[in-house]
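First up is the structure itself, then whatever we jot down about it.
The values are calculated or read from the model by the stated rules, or taken from the named source; none is laboratory data. Note that the coordinates shown come from a computational prediction; the quantities given were computed from them, not determined experimentally. Every residue, glycine among them, receives a Cβ derived from its backbone with ideal geometry; neighbour counts consider all protein chains shown. Areas reflect the complete protein model, heavy atoms only, side chains present, ligands, DNA and RNA absent. Shrake-Rupley method; radii C 1.70, N 1.55, O 1.52, S 1.80 Å.
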There are 2 protein chains.
Amino acid sequence: MTVGASGLPAAPAASPSPGAWDAVAERRKIYLETITAEEAVARLTAALEAAGWGTAAEVIPVAEALGRVTAEGVTARISSPHYPAAAVDGIAVRAADTYGASETSPVRLGPGQYVWVDTGDPLPPGRDACIMVEDLNRLPDGQVEIYAAAAPWQNVRPIGEDVVATELVVPAGTVLRPQEIGALLATGNVAVPVRRRPVVTFIPTGDELVQPRPDPGPGEIIEFNSRVVLSLVQEWGGEPRRHEIVRDDYEALKAAVAAAVETSDIVVVNAGSSAGSQDYSVHVLGELGQVLVHGVAIRPGKPFMAAVVGGKPVLGLPGYPVSTWLTADLFLKPLVYRFLGLPVPSRPRLQAQLTRRLTSPMGVLEFVRVKVGQVGDRVVATPMGRGAGVISSLVRADGVFFIPPDREGLEEGAPVEVELLRPREEVLRSLVAVGSHDIILDLVESHLRRRGLGLSSAHAGSLGGLVALRRGEAHVAGVHMLDEASGEYNVAYVRRYLGRPARLVLLGRRDQGFMVQPGNPKGIRGFGDLARPDVRFVNRQRGAGTRILLDYHLKQEGVDPAQVDGYRREEFTHLAVAAAVASGTADCGLGIRAAARALGLDFVPVTQEEYELCIPLEHWDHPGVQAIRELLTDPAFRAEAEALGGYDLRDAGRVREV
Amino acid sequence: MTVGASGLPAAPAASPSPGAWDAVAERRKIYLETITAEEAVARLTAALEAAGWGTAAEVIPVAEALGRVTAEGVTARISSPHYPAAAVDGIAVRAADTYGASETSPVRLGPGQYVWVDTGDPLPPGRDACIMVEDLNRLPDGQVEIYAAAAPWQNVRPIGEDVVATELVVPAGTVLRPQEIGALLATGNVAVPVRRRPVVTFIPTGDELVQPRPDPGPGEIIEFNSRVVLSLVQEWGGEPRRHEIVRDDYEALKAAVAAAVETSDIVVVNAGSSAGSQDYSVHVLGELGQVLVHGVAIRPGKPFMAAVVGGKPVLGLPGYPVSTWLTADLFLKPLVYRFLGLPVPSRPRLQAQLTRRLTSPMGVLEFVRVKVGQVGDRVVATPMGRGAGVISSLVRADGVFFIPPDREGLEEGAPVEVELLRPREEVLRSLVAVGSHDIILDLVESHLRRRGLGLSSAHAGSLGGLVALRRGEAHVAGVHMLDEASGEYNVAYVRRYLGRPARLVLLGRRDQGFMVQPGNPKGIRGFGDLARPDVRFVNRQRGAGTRILLDYHLKQEGVDPAQVDGYRREEFTHLAVAAAVASGTADCGLGIRAAARALGLDFVPVTQEEYELCIPLEHWDHPGVQAIRELLTDPAFRAEAEALGGYDLRDAGRVREV
């Protein structure tokens, strides 16, 4: 497919084939039985137990066994040490020969009485103690003088000081760490029985899927779920195998599943989002084996399916990437650990307060991704978008939690136990930024990370940022708000919405203007043009500094927002607005020059504005704040930022008291 | 070498070579300059900075990048989605065509007005909204009926909903997780710049070293430090390489180090315990480069050395396995992470109370391994032995901490912050057993682990166990103490030493007797024989049930302990006593039949005793206690235990109230 002049795909999707409608209706019916996640796990577990599915053992070299799980307890084949050994550098003696020795009346031993030993040497025959070289005086005639009697077995490492032969070195079910590797080798074990890693084969399905590439066409979806899930499998200790993409062809899918079941311990079918593949999956699984689960009351992830084929579990994971990740976590992970005979490890947890109300339908287990940070004494969790298609949300999330099925939601301020996706310390140490989005902030994040500091930023618009500061939910807020009365940026808003002493640090001045298609085909020059019927606009969300700027100018020029086609179409970032223009679904949006430039759009400047970080005084000493201030005066950083286009960092780092 | 009739090595160690003495004296001098661990790190860091040593980058396929660290921030090459897409199965329409539709006055669209779409399909040209199939009524003439107006862009995934082209997907310095792999592929990145893993070459040195094997001869030490350290390197993200063992030959070691420096980023020389290798190491490093550190005020690990050769760090780790592990952790780990551009991750920590006083010399950073457990509301840390040769201590330890150089020790009850070596939850959930050692307890540990429960057991003798219970430092204690007055086991002691209600659970009856060399060459029949001058005895520590048994019988037979050769030679377990007899360094010890049998000794029975677990009532409901009780009545477990020899489990699980 090619992209037409409008930016829309030139060729329409195939018109509905005869029967497609009925197929969809049929497919929808299959979901009638949605069960709880617990019930899904219970059904699968019971069926697998009945089928005798489970762990298997193999014997491998100890030197290659890091991270593997012992299948049996392993005992010492030899003692360690396996002979009585000198524990010091010095001489080995008969303790009895030294009795009576003291500082005032040293005992002398002749060459026949002592034997020189290094640490680790076997104790020579007939000797039962060692004396350190520091405690001896060597006489010219080859005798040595001793100033204290040696106790029997002094400075001798007994056989088995570390481990005695036959003793248990490592119990069954132990994940082997470096020290276990050492203890096994020390006790004469060169091989170790371990639980076999489960082979997990992942089958991507769908006509729309293509291999990863930098230039997919419209309608082509890059197949990456296999890489995500198989990376998870690798982390959990399974053995990942990727099947090539299977097209929407019933027989091809059936053959692929049947073959994979033969060579795997677990098979995963990843249903594409297309009509055919989900439909085929469930029928293929039903034909080859027994479908136990089809539909689970979770969000996202409802179309999950599970079957037992040939005594082995076959999971059907839905195709939206967050659904895939979540259902892998909920249903595949326990299978991998079960095969390894290990409990599923729990993620580190953190109690936090929800920063806003969440609703959720009764009867559904709802998955929530959150940004988490410690602001003052509070640990706060800010919910992120809940879209199932947004894999980047799992990149940006600090943690996740579930709204249980018996709750219709959670109130603002509710305590939640967050399962962390990053190390706890990293989360607690992060600087929490809520507010307007700016591309320089992304640069700042990379630089802070190099210094071991994190930046947890959420885009909520300038006003949203000030509100978050006021409520103690963020350390800093990026703001660029033009005060209609004074024509000055930020100060008036901070005074009005924050209500406590703060400082404003200038990140930079940036050009704001109209982002338009290359060559500005609609000839947009000013705010008046937005009211033209042939101009489709795309707006920012309420509270965004750019929206405030728009409203200010519309008012000045006497344009009624109702006249602007697209005034109510809202995006949350400059780049999202630019993308709408670039794709041709809009003709114009207001935003920064760097975003227009990034997507190859033309830019009609409107104004230069001051983008500042608002920092309440109590957070001024946060290490992240200090690191940002240093960065802003660093010439290399300024040059890097200005290269983005439309930024002026000459006064970056300027501090204003509010 | 072969083992002589006495059990001692038949050939003595080489007699001191001329000059050996002086070499040793010289070697000792080299330690004169012991510096602090901080100073050692600072010197090395400064020298490496001056040499420009550090991170390097390479570009690799994203699909192989799990766990790697981004060398630069990675931006989206394409938006995700990269075209406006249907977000539902249904029809694509012009929103304007649907205006006015309601339940009472539906709008009808003809086949030319709508296009059938599946989720993920590109939005067809000229359409700006989608309507779910569930919200439609299909009429026989091919028209569809709509009951609500569609808002523009409803059910359309905008371009860049997930990520907009040019947006930062992953900042520099990010450890790539499965979700980052997905986000990179989704945004058209098929390759990613990552920091190169540092190549760490480990050179084991020493004439005494042999490759891992089940049958080393006396004086041969199995080389396993390389496997431990290189496993650590693997866990940290470095690329481990093992050099073959280098003998104690100056030129060979020099050649090996010089070659390794060429092909590695970090070189580790592991000095054996022999006289030559340490000596050679420091001189080789001094000849090839600059020795910065030789001697650090830590225990164990004092002989650590560090040099810079050809601009690269070369570390000399001392040979005792705990010293090797500790110096790798303190000095090698920061280098690996520095090369990767990552902060050193900290271990999970837990506040605990020390169960006994520890002393430590001023000026030395002392490494302490501890068993940790939660008993009631208290988290307690019980110090383990501090031997540098005991790799098994790192297997059994739950955590570690340091006594700082400015402290001469820590008092009993002192708060310590333990760095955990196991997951926090596993440590807190473990059943803590202190007391007499029994081989069945090892079996129990393996079985509990299969049930996801841990057993943290420390050998402190029966009496030590009761004291630990009384002080709230353990949940259960294994006891077998014969009361001289009543001739009954355990009850009297528990009443006397515990001082609160408890239950005794019979683990089993076991045979106690004399462990002697095969064929009983000294003809030991009774306690009277222990006083014979030709009989060398090996005893158990004070407080051990077996020591109480010995003292009881010696008293009954009127034998003075002073007459028993070896009465003061103490070991801490049955197996350690058996090992002393098996090695020929003692003729006889008192202990259980299973230990004698394990090491192929003959056994002269003395009595059958009751080995019980004492459990204070407040710990009766601990999940571990309940699991043990179930286990003890399981016929399969009983059979497994009785197969060890000398055990009678007929009444196992019997409960007595005390």
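Among the candidates A:197, A:213, the residue that is of a type in the set (Lys, Arg), open to solvent by 10 Å² or more (accessible area, probe 1.4 Å), assigned to a loop (DSSP other than H, G, I, E, B) and more than 8 Å from chain B (Cβ to nearest Cβ) is uniquely A:197.
Does residue B:360 count as free of Cβ contacts under 8 Å to residues at least 12 places away in the same chain and not assigned by TED's automatic domain parsing to the domain that holds residue B:300? Answer is no for this residue. Only one of A:582, A:595, A:576 is facing another protein chain (nearest Cβ under 10 Å) and either open to solvent by 40 Å² or more (accessible area, probe 1.4 Å) or of a type in the set (Phe, Trp, Tyr) (or both); which? Exactly one of A:582, A:595, A:576 is facing another protein chain (nearest Cβ under 10 Å) and either open to solvent by 40 Å² or more (accessible area, probe 1.4 Å) or of a type in the set (Phe, Trp, Tyr) (or both), namely A:582. So, of the residues in the range A:148-168 that are on the phi < 0 side of the Ramachandran plot and small (Gly, Ala, Ser), which turns out to be farthest from the other protein chains (Cβ to nearest Cβ)? Within the range A:148-168, the match that is farthest from the other protein chains (Cβ to nearest Cβ) is A:148.
Just one residue in the set A:466, A:453 is crowded, with 19+ Cβ neighbours inside 10 Å and either part of a helix (DSSP H, G or I) or free of Cβ contacts under 8 Å to residues at least 24 places away in the same chain (or both); that residue is A:466.
For the range A:542-614, the helices (runs of 4 or more DSSP H) that sit wholly inside it and include 3 or more residues that are out of contact with any helix residue (DSSP H, G or I) (no Cβ under 7 Å at 6 or more places or on another chain) and touching a residue at least 12 places away in the same chain (Cβ under 8 Å) are A:545-556, A:574-582.
Answer yes or no: is there a residue in the range A:250-264 that is closer than 19 Å to residue A:326 by Cβ and touching a helix residue (DSSP H, G or I) at 6+ places or on another chain (Cβ under 9 Å). Checking the range A:250-264: not a single residue is closer than 19 Å to residue A:326 by Cβ and touching a helix residue (DSSP H, G or I) at 6+ places or on another chain (Cβ under 9 Å). Residues in the range B:230-246 that are facing chain A (nearest Cβ under 8 Å) and surrounded by fewer than 20 Cβ atoms within 10 Å (Cβ to Cβ): B:234, B:235.
Counting only strands (runs of 3 or more DSSP E) that sit wholly inside the range B:29-137, those with at least 1 residues that are open to solvent by 40 Å² or more (accessible area, probe 1.4 Å) are B:57-61, B:107-109, B:129-132. Quick one: would you say residue B:342 is open to solvent by 20 Å² or more (accessible area, probe 1.4 Å), free of Cβ contacts under 8 Å to residues at least 40 places away in the same chain and among the hydrophobic types (A, V, I, L, M, F, W, C)? No, not satisfied. Tell me, yes or no, whether the range B:249-257 has at least one residue that is touching a residue at least 60 places away in the same chain (Cβ under 8 Å) and outside any loop (DSSP other than H, G, I, E, B). No, the conditions are met nowhere in the range B:249-257. For the range B:73-89, name all the residues that are in contact with a helix residue (DSSP H, G or I) (Cβ under 8 Å, 6 or more places away or on another chain) and modelled with pLDDT of 90 or more. B:73, B:74, B:79, B:80 - these are the residues of the range B:73-89 that are in contact with a helix residue (DSSP H, G or I) (Cβ under 8 Å, 6 or more places away or on another chain) and modelled with pLDDT of 90 or more. Out of the residues in the range A:181-194 that are among the hydrophobic types (A, V, I, L, M, F, W, C) and in a helix (DSSP H, G or I), which is farthest from the other protein chains (Cβ to nearest Cβ)? Among residues in the range A:181-194 that are among the hydrophobic types (A, V, I, L, M, F, W, C) and in a helix (DSSP H, G or I), the one farthest from the other protein chains (Cβ to nearest Cβ) is A:184.
Conditions tested, residue by residue: (1) more than 8 Å from chain B (Cβ to nearest Cβ); (2) farther than 30 Å from residue A:153 by Cβ; (3) out of contact with any Cys (no Cβ under 9 Å at 6 or more places or on another chain).
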site	(1), (2), (3)
A:49	yes, yes, yes
A:59	yes, yes, yes
A:64	yes, yes, yes
A:71	yes, yes, yes
A:75	yes, no, yes
A:78	no, no, yes
A:83	no, no, yes
A:90	yes, no, no
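Taking (1) at pLDDT below 95; (2) open to solvent by 50 Å² or more (accessible area, probe 1.4 Å) in turn, residue A:172 satisfies each apart from (2). Does the range A:469-481 hold any residues that are assigned to a loop (DSSP other than H, G, I, E, B) and buried (at least 22 other Cβ atoms within 10 Å of the Cβ), and which are they? Hits for the range A:469-481 are A:473, A:474, A:475, A:480, A:481.
Within the set A:434, A:368, A:375, A:416, the sole residue that is at pLDDT 95 or above and in contact with an Asp or Glu (Cβ under 8 Å, 6 or more places away or on another chain) turns out to be A:375. Does residue B:227 satisfy the condition of being touching a residue at least 40 places away in the same chain (Cβ under 8 Å) and either at the interface with another protein chain (Cβ under 7 Å from one of its Cβ atoms) or under 24 Å from the mean Cα position of the chain (by Cα) (or both)? Here the answer is no, as residue B:227 does not meet what is asked. Which condition number in (1) touching a residue at least 24 places away in the same chain (Cβ under 8 Å); (2) closer than 20 Å to residue A:610 by Cα; (3) of a type outside the set (D, E, K, R) is the one that residue A:423 fails? Evaluating residue A:423 over (1) touching a residue at least 24 places away in the same chain (Cβ under 8 Å); (2) closer than 20 Å to residue A:610 by Cα; (3) of a type outside the set (D, E, K, R) leaves (2) as the failure. Against the definition (of a type in the set (Lys, Arg), modelled with pLDDT of 90 or more, more than 30 Å from residue B:610 (Cα to Cα) and in a loop (DSSP other than H, G, I, E, B)), how does residue B:407 come out, yes or no? Criteria met by residue B:407. If you go through the range A:364-403 and pick out every residue that is charged (D, E, K, R), touching a residue at least 60 places away in the same chain (Cβ under 8 Å) and surrounded by 23 or more Cβ atoms within 10 Å (Cβ to Cβ), you end up with 1. Do we have residue A:524 as in a helix (DSSP H, G or I) and open to solvent by less than 20 Å² (accessible area, probe 1.4 Å) here? So residue A:524 does not fit the description; no.
Of the residues making up the range B:169-180, none is in contact with a helix residue (DSSP H, G or I) (Cβ under 7 Å, 6 or more places away or on another chain), more than 7 Å from every other protein chain (Cβ to nearest Cβ) and either over 29 Å from residue B:77 (Cβ atoms) or assigned to a helix (DSSP H, G or I) (or both). Residue-level check: of (1) buried (at least 24 other Cβ atoms within 10 Å of the Cβ); (2) at pLDDT 95 or above; (3) touching an Asp or Glu at 6+ places or on another chain (Cβ under 8 Å), residue B:322 misses just (3).
Listed here are the residues, each with its yes/no results for (1) over 29 Å from residue A:221 (Cα atoms); (2) within 13 Å of chain A (Cβ to nearest Cβ); (3) touching a helix residue (DSSP H, G or I) at 6+ places or on another chain (Cβ under 7 Å).
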position	(1), (2), (3)
B:101	yes, no, no
B:112	no, yes, no
B:118	no, yes, yes
B:123	no, yes, no
B:129	no, yes, yes
B:133	no, yes, yes
B:136	no, yes, no
B:146	yes, no, yes
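For the range B:387-400, filtered to residues that are touching a Phe, Trp or Tyr at 6+ places or on another chain (Cβ under 8 Å) and more than 9 Å from chain A (Cβ to nearest Cβ), the residue that is farthest from residue A:186 (Cα to Cα) is B:400.
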